[in-house]
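Okay, structure first, notes after.
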Amino acid sequence: MKVIILGAGTIGICTAWHLLERGHEVTVVERQDAAALETSFANGAQISVSYCEPWANRAAPLKALKWMLSKEAPLLFRPQAPWGEGLHQYRWALQFLAQCNDAAFERNVQQLVALGAYSHAALKEMVAATGIAYHRLERGIAHYYCDQQSLDAAGAAAGLMRRFGVNRQVVSRDEFLELEPAYRSFAHRIVGGTFTPSDESGDCRVFTQALADRCAARGAEMLYGHQVLQLSAGQGAMKSVAVGAISTGAQGQKTSKNTVSGMPPVTRTLQADHVVVACGSYSAPLLRSVGVDLPIYPGKGYSATLKILHPDRAPVVSAIDDARKIALSRLGDELRVAGTIEIGGYDLQLNTPLARARCEMLTRRVEEVLPGVCDTRSEDRGGSPRYWCGLRPATPTNIPYIGQSPVRGIWVNAGHGTLGWTHAAGSGKALAALMHGDRPELDFRFYGAPA
């Protein structure tokens with residue numbers, strides 16, 4: 001069959017790869033000039049099966065209220081005007097609140113662990129088959145805590161993970177520092193941690209772009225620099241996809257949204273048996289144009305990529321800082337630090353006071369926990385930080401939509417939140433199997449599948 005994939009992030013490219021593996025004809029449409037230039041570009045770099053707790057939990061509502069007063073809050077809700085696109089934010093927030101209970105939390109964790117384990121196995125198969133190198137470190141993921149109350153709660157979370165088959169261990173401060181000595185200068189602040197040896201880290205962008213090249217070599221048509229103008233459907237079935245080449249403006253900027261109005265002239269109308277919508281946060285408005293309404297809303301996340309000055313003192317175990325809710329991962333001679341979620345629409349600016357404060361928090365924290373290891377000087381002082389932000393496509397449950405939409409021929413692979421890199425390989429493999437008529441081998445509620 002012929003399949004059009006909308007979006008060349010890690011989700012879309014992994015889907016393309018697995019469809020090609022099954023012998024199907026694939027066209028990928030991407031508005032950027034290459035794969036993985038948006039949300040997949042500079043994420044936290046972790047393949048984190050064990051650290052997949054949904055944002056929605058019993059404590060989240062009160063924390064979110066308190067955090068609204070802080071520019072550096074791990075989860076920041078920025079209310080939009082309650083009409084137009086803002087209406088979707090408030091509806092998403094209400095659905096999020098409905099998930100903030102223990103029963104929903106445990107149910108959602110079980111789904112995320114199942115998808116994560118399946119996806120990690122799929123990633124290993126893909127790496128073995130392709131030989132792609134992407135600064136991969138198979139050293140596990142450690143999580144350190146700076147207060148006893150949080151560590152006690154982590155012990156309960158680790159127990160829940162072990163119930164679902166994940167070997168997440170509680171470790172003392174000394175055991176944590178034995179696993180990763182790079183944090184010894186911060187030891188006086190650490191009370192303990194957790195560790196999962198089976199998790200890993202690596203550069204999502206490098207992997208995805210290399211995989212996209214392999215897809216093209218196997219015959220996939222890669223329509224880079226093309227915007228989706230219109231997704232057409234009628235009588236409950238997909239008809240066509242209209243796309244147009246994007247012209248670069250005077251400042252080198254391209255349009256920033258997948259919408260169906262105000263676009264360049266149509267240059268091609270694509271026909272296919274099936275379409276896969278894998279446009280991240282922009283999947284929701286595109287799907288609404290054909291009557292499919294999914295609660296996927298952008299969560300703006302930030303990262304900084306820093307030059308390592310002292311490789312012998314830099315960490316090799318990817319870690320999570322619980323106090324700041326950020327991930328620190330080594331990528332060759334650089335350190336990636338990423339985190340925070342800002343629920344506030346489709347804003348991608350980095351030069352606002354709020355964005356600057358959140359970026360500067362990342363580098364300041366690196367200097368606190370790894371003093372002198374990286375070049376954390378600001379850019380105006382000749383420093384190395386490369387700041388970035390991306391829109392994580394979040395659902396209220398944190399569980400992505402993978403499967404057949406109510407419109408025949410339109411499939412969805414979106415809504416992965418902070419776990420897109422963790423779940424990409426398996427999401428692509430599972431959707432390719434569903435489209436081929438097979439049942440993926442995992443206990444997961446696929447979108448559109450019978451209950």
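The values are calculated or read from the model by the stated rules, or taken from the named source; none is laboratory data. Quick caveat: nothing in here was measured; it's all calculated off a predicted structure. Methodologically, a virtual Cβ is constructed for each residue, glycine included, from the backbone with ideal geometry; neighbour enumeration extends over all protein chains shown.
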Of the conditions (1) out of contact with any Ser or Thr (no Cβ under 7 Å at 6 or more places or on another chain); (2) in the same structural domain as Ser240 (by TED's automatic domain parsing); (3) on the phi > 0 side of the Ramachandran plot, the single one that Gly339 does not satisfy is (2)
Okay, strands (runs of 3 or more DSSP E) sitting entirely in segment 1-102 with 2 or more residues that are more than 20 Å from the chain's Cα centre (by Cα) and over 30 Å from Gly140 (Cα atoms), I get 2-6, 25-30
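Here's the yes/no breakdown for (1) over 22 Å from Gly140 (Cα atoms); (2) not hydroxyl-bearing (Ser, Thr, Tyr):
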{"site": "Arg330", "(1), (2)": "no, yes"}
{"site": "Pro353", "(1), (2)": "yes, yes"}
{"site": "Thr376", "(1), (2)": "yes, no"}
{"site": "Pro396", "(1), (2)": "yes, yes"}
{"site": "Val412", "(1), (2)": "yes, yes"}
Quick count over segment 2-34, residues being of a type outside the set (Val, Ile, Thr), buried (at least 24 other Cβ atoms within 10 Å of the Cβ) and in contact with a strand residue (DSSP E or B) (Cβ under 8 Å, 6 or more places away or on another chain), is 8
When Gln95 is run through (1) touching a residue at least 60 places away in the same chain (Cβ under 8 Å); (2) of a type outside the set (Asp, Glu); (3) within 19 Å of Ala153 (Cα to Cα), the failure sits at (3)
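With the requirement that a residue be hydrophobic (A, V, I, L, M, F, W, C) and closer than 30 Å to Ala242 by Cα, what does segment 275-325 give you?
Val275, Val276, Val277, Ala278, Cys279, Ala284, Leu286, Leu287, Val290, Val292, Leu294, Ile296
State which residue is surrounded by the fewest Cβ atoms within 10 Å (Cβ to Cβ) when the search covers only segment 246-272 and only residues that are at pLDDT 85 or above and farther than 24 Å from Gln349 by Cα. Walk me through it before giving the result.
Residues of segment 246-272 that are at pLDDT 85 or above, as a first pass: 246, 268-272.
Adding the requirement that they be farther than 24 Å from Gln349 by Cα leaves 268-272.
Details: Arg268: 14, Thr269: 13, Leu270: 18, Gln271: 10, Ala272: 19.
Of everything passing the filter in segment 246-272, Gln271 is surrounded by the fewest Cβ atoms within 10 Å (Cβ to Cβ).
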Note: among Thr39, Thr27, just one is among the polar types (S, T, N, Q), under 20 Å from Gln230 (Cα atoms) and modelled with pLDDT of 95 or more, namely Thr27
Taking the criterion of being at pLDDT below 95, in contact with a helix residue (DSSP H, G or I) (Cβ under 8 Å, 6 or more places away or on another chain) and surrounded by fewer than 14 Cβ atoms within 10 Å (Cβ to Cβ), would at least one residue in segment 138-156 satisfy it? no
Contact list, first residue from segment 147-176 and in contact (Cβ under 8 Å) with a residue 24 or more places away in the chain and closer than 18 Å to Ser48 by Cα, second anywhere and assigned to a helix (DSSP H, G or I) and polar (S, T, N, Q), beta-carbon distance below 8 Å, six or more apart or interchain, is Phe164/Gln110
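One residue is enough: does segment 61-72 have a residue meeting the conditions in the same structural domain as Asp322 (by TED's automatic domain parsing) and in contact with a Cys (Cβ under 9 Å, 6 or more places away or on another chain)? Walk me through how you get there before you give the answer.
At the first step, the residues of segment 61-72 found to be in the same structural domain as Asp322 (by TED's automatic domain parsing) are 61-72.
So of that shortlist, the ones also in contact with a Cys (Cβ under 9 Å, 6 or more places away or on another chain) come out as 61.
Scanning segment 61-72 turns up at least one residue that is in the same structural domain as Asp322 (by TED's automatic domain parsing) and in contact with a Cys (Cβ under 9 Å, 6 or more places away or on another chain).
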Could you check, for segment 409-422, whether at least one of its residues is over 24 Å from Ala45 (Cβ atoms), touching a Gly at 6+ places or on another chain (Cβ under 8 Å) and surrounded by fewer than 24 Cβ atoms within 10 Å (Cβ to Cβ)?
no
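In segment 375-409, what count of residues is obtained for those that are of a type in the set (Ser, Thr, Tyr) and under 21 Å from the mean Cα position of the chain (by Cα)?
Applying the first criterion (of a type in the set (Ser, Thr, Tyr)) to segment 375-409 yields 376, 378, 384, 387, 395, 397, 401, 405.
Add one more test, that the residue is under 21 Å from the mean Cα position of the chain (by Cα), and what stays is 387, 395, 397, 401.
Number of matching residues: 4.
Residues of segment 287-322 being free of Cβ contacts under 8 Å to residues at least 60 places away in the same chain and over 25 Å from Ser232 (Cβ atoms), which ones? Spell out how you get there, then give the answer.
Narrowing segment 287-322 to residues free of Cβ contacts under 8 Å to residues at least 60 places away in the same chain: 288-289, 293, 311-312.
Pro311, Asp312, listed by residue number.
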Residues of segment 191-231 being more than 21 Å from Leu306 (Cβ to Cβ), surrounded by fewer than 22 Cβ atoms within 10 Å (Cβ to Cβ) and β-branched (Val, Ile, Thr), in sequence order, are Val191, Thr196
The number of residues in segment 306-333 that are surrounded by fewer than 20 Cβ atoms within 10 Å (Cβ to Cβ) and assigned to a strand (DSSP E or B) is 1
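Just to check your reading of the model, which residue among Leu115, Leu179 is modelled with pLDDT of 95 or more and out of contact with any helix residue (DSSP H, G or I) (no Cβ under 7 Å at 6 or more places or on another chain)? So that I can check it myself, show each step before the final result.
On the way: Leu115 fails: out of contact with any helix residue (DSSP H, G or I) (no Cβ under 7 Å at 6 or more places or on another chain).
Checking each option against the conditions leaves just Leu179.
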